[in-house]
Structures are given as C-alpha cells and as structure tokens.
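Please read the structure below before turning to the comments.
The values are calculated or read from the model by the stated rules, or taken from the named source; none is laboratory data. Small disclaimer: the values here were computed from a predicted structure and weren't measured. Every residue, glycine among them, receives a Cβ derived from its backbone with ideal geometry; neighbour counts consider all protein chains shown.
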Amino acid sequence: MTDLPNELLPATRRALLHRLAVAQSEGRTPSMVAGVVRDGQPVWSGARSMVDGHAPTPDVQYRIGSLTKTFVAVLVFRLRDEGLLDLADPLSRHLPGTPADGATIAQLLSHSAGLAAETPGPWWERTEGSLRPGLGDLLTAERPLVHPTGRVHHYSNPGYALLGALVEQLRGEPWGEVLHREVLAPLGMDRTTLLPEHPHAGGFAVHPWADVMLPEPLTDTGRMAPAGQLWSTGADLARWAVFLSAGHAKVLSADTLAEMRRPAVGPDNGEWTGGYGLGLQLRRHEGRLMYGHNGSMPGFTAALWISEADGLAAYALSNATSGGNTAALAPQLIALTAEHEPRLPEPWRPQAESADPELLELTGPWYWGATPAALRLRPGRVLELTPLNGAGRGSRFRPEPDGTWTGVENYYAGETLRVVRHSDGTVGHLDVGSFVYTREPYGPADAVPGGVAPEGWQAF
C-alpha cells in the first residue's frame, strides 16, 4: 500500500519530460517514447518526435531487440518449473546435434556457455533468416566456442537462438506461438508480436556527421529471432515490467523471477557496474541495483529497467540504430522519479494472526560463539535472523511442514534452521546449517561443538 497518488507530481513529470527531450534532441533520434511504472501502475509516459505537433503514443510498436531474450528466458523457466528440464541439463539432453551440445541450459541463459557472440556472416540482424535455415548454421562449426564453457560471461546471440529451438523441441510448436499462448495472452500484451503490426515506427540510421537519415531494413531473422526479433509498445513494456517485478499466477511465480535476476557469473572486480542473471541483465546506477535488459536492432534501440528497492520501473524506445542513449535513459528516469518522490515506507501494522507461543519463545538474542544476533518472528511463521554488531550472517527462514525452517537469502539460502530441544521439551539451542546459536555467548558446553573451557570467561 502507498500514500502516493497514481499520478506523479507536476515537478516530477516536468523533470521526466525534460530528460526525455534532451535524450531525443542530443541523441538525434527521429522519435522516442518512455514511461515510468510505480508500485505496479503506469504513472507517466512521454514522447518526442522530429515531426512538429506529432508524437508517438504508447500504442506504437518499436522493435525491442535483445529485450526479446527476457521473454525466451521466461519460456525456459516455465519448462523448468513444469519439470520438463533442469537448468543443469546439457543442451544435448533435449536438443542434440547442435554446436553447443556440452553447454548447460543455465550457461546458455547466463551467456556463460563460451559460445561465439554472433553467427557466421553475413550480419544476421540485417539479413533474412532463410540464409541460416538450420541450427548448425548459427555457429561456426570449426570454432563454436571462444571461451571455456562455464568460466566467463561472453554475450552470445546464437545461444538464445538455441534456447528458442529448445522451447520448440519440448513444446512441439514454434516458439512465437508458445510465447503468445503461454505468456503474452495471459498478461494482456496483445501488441507484442514477432513481426510489426500497424501502427509501428520505421527504423532509421542517422548519419554521424550530418542531419540526414537512411531507412533500415525490417527483416525476419528466422532461427535467430529469439535473440532479438520482437516488436512491442510502451504500454506492453509497462505490463512486462509489472510482471517481472511481481510474477503472475498463470505465467511464472515471483520466486522464479527472483531466481532469474540473481547474478549467475561473478563480476571481474568488486566495483562491478553490470552483470547477468539467468535471462536478465543487472546494473548499478547511482547506487541503485537494477535489473532488466537493453535491446538494439538496425533502426531501433530499447531499454527496460526495474529498481526493486524503489518500486519503480522505466522503459525507453527509439527508432534510430544509434543515438539517444536509450540504454541510459530508462535508469535515469527511475533515478529522477525516486529523487523527486522517494518511496514511502509501509506503515507499521501488527500481524493479522495471533503469535504461536512456541515461536515467541524463540525470539530475542542468540549468540553464535560470541557474535550476537536477534531472532524475530515475522508474519507467516517466518523467522528472521539479524546480526547485531554489523558482523555475522543473517537471513529470513521460511517454515517447512516438518517443523524446520529453510533460509531464503544470503549465506543461509537453502540451509536448514532447526530448534534443538532438551529432553523435557524446553529450547536448548538453534542449529543453523550446523552452526550452533545459544542464549548466551559460548553457552552450554554440551551444545557448543568442541566444548567450552570449564573455567569460563576470565580476565587475563
């Protein structure tokens, strides 16, 4: 719940429009559309055009390029959640005979399979897919791998073409038809299509040293379509942002989407500004962690980014091959909105259900050795372990039917929390992934592994 109105304040709207206008003018792009979503609702959209008195509406299609990859990744995760594949499966288990037989599905999703970035010539983005009729045509047979499999992030467009073929193999029909039936229709995204539908923008290249333009070809890239074929609108991308933030009962759960945006390959250094999950790009912008994707095809650039902490998302679309810096505009719109109208914290409320006395008994201070932590009870019988001195490990733990809890984040993600009781039923200690938490620093010797010095705490 939020106390903010659906509409943004006039000063915020003016700042967003100004930033869009600067991007269109300085970037020398024929047109741009952009929008902001807050807490699941579109709250602003704007457009600028080279034509006086005319600007595209949020219903005009633009080609979204590699944003298509986020849709393909959702289809793959649907197969995973149905039990039809495992992310650790090699591609050859389901789609044998490709140049990427040894790569796992997770590696393809995260661009860590070591595959080449592009197809053999000619340039696939500007040529018809009929030039690459088979899966073997997507990579050079002599050297499909340019890096060791699973070692580094190396962006690969053919890798996502193979994932699209995997969807077709397991569903038994073209991936675009699967996408429409299983994802686009449930989300109400009826203006997202494989080929352009009226009204749509034309794509152009703008001369780098003169104010003249050149039309770009609108190609059907065939088997490479899962890497960047889709067309969409501002209104549909707003719906996509809401879905990527919260999930949808008929498409993918919020938990699965959270899995998609976890970093899959480690950054090169501690000051990372960008990374990749399992189908979603990650970036830092002015201290904010965001997830989403950029896209480009001849004549078009696109971006969609989401800041979970701010409850904000933004998209930007343009119809120029380069210029406008569309990839930067969407994060800038998020930052501007957050600065003008920072998110209000939810008001405190007591939980709806009465607390279980046995769970209340577990709350309060605990010690891992001499390191203090607090255990709090959250709604839904969730336990939250928090370090008290800035050091140590914390996590939330969800309840399980067997009376244990499972960590959902950080170091303890997937680890088990057990309450160990004395023979009389009273609480003795907590076992968290084999780490013992006691009610006092280095508590009873029979609970602490290795025992406790019998003389106890002393001055030296």
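When you scan segment 46-65, do you find a residue that is in contact (Cβ under 8 Å) with a residue 40 or more places away in the chain, in contact with a strand residue (DSSP E or B) (Cβ under 9 Å, 6 or more places away or on another chain) and part of a helix (DSSP H, G or I), even just one? Within segment 46-65, one or more residues are in contact (Cβ under 8 Å) with a residue 40 or more places away in the chain, in contact with a strand residue (DSSP E or B) (Cβ under 9 Å, 6 or more places away or on another chain) and part of a helix (DSSP H, G or I). Exactly one residue among ARG126, ARG143 is touching a Pro at 6+ places or on another chain (Cβ under 6 Å) and surrounded by fewer than 17 Cβ atoms within 10 Å (Cβ to Cβ), and that residue is ARG126. Only residues that are in a loop (DSSP other than H, G, I, E, B), among the aliphatic types (A, V, I, L, M) and either within 15 Å of GLY277 (Cβ to Cβ) or free of Cβ contacts under 8 Å to residues at least 24 places away in the same chain (or both) were counted in segment 248-264, giving 2. Return a yes/no flag: does segment 76-96 have any residue that is of a type in the set (D, E, K, R) and at pLDDT below 95. No: segment 76-96 contains no residue that is of a type in the set (D, E, K, R) and at pLDDT below 95.
The condition of being in the same structural domain as LYS250 (by TED's automatic domain parsing), touching a residue at least 40 places away in the same chain (Cβ under 8 Å), within 25 Å of ASN294 (Cα to Cα) and surrounded by fewer than 15 Cβ atoms within 10 Å (Cβ to Cβ) holds for only one of ALA117, ALA73, that being ALA117. Among all residues of segment 148-160, there is none that is among the hydrophobic types (A, V, I, L, M, F, W, C), buried (at least 18 other Cβ atoms within 10 Å of the Cβ), touching a residue at least 40 places away in the same chain (Cβ under 8 Å) and assigned by TED's automatic domain parsing to the domain that holds HIS180. Looking only at segment 247-264, decide whether some residue is at pLDDT below 95, more than 26 Å from GLY35 (Cα to Cα) and hydrophobic (A, V, I, L, M, F, W, C). Yes - at least one qualifying residue is present in segment 247-264. Checking every residue in segment 294-315 against the condition of being of a type in the set (S, T, N, Q), over 20 Å from the mean Cα position of the chain (by Cα) and either within 22 Å of TYR412 (Cα to Cα) or assigned by TED's automatic domain parsing to the domain that holds ALA205 (or both) gives zero matches. Report yes if some residue within segment 153-168 is in a loop (DSSP other than H, G, I, E, B), over 22 Å from the mean Cα position of the chain (by Cα) and at negative phi; otherwise report no. Checked segment 153-168: no residue is in a loop (DSSP other than H, G, I, E, B), over 22 Å from the mean Cα position of the chain (by Cα) and at negative phi. Applying the condition of being surrounded by fewer than 22 Cβ atoms within 10 Å (Cβ to Cβ) and touching a helix residue (DSSP H, G or I) at 6+ places or on another chain (Cβ under 7 Å) to segment 10-43 and asking which residue is nearest to GLN332 (Cα to Cα) yields ARG19.
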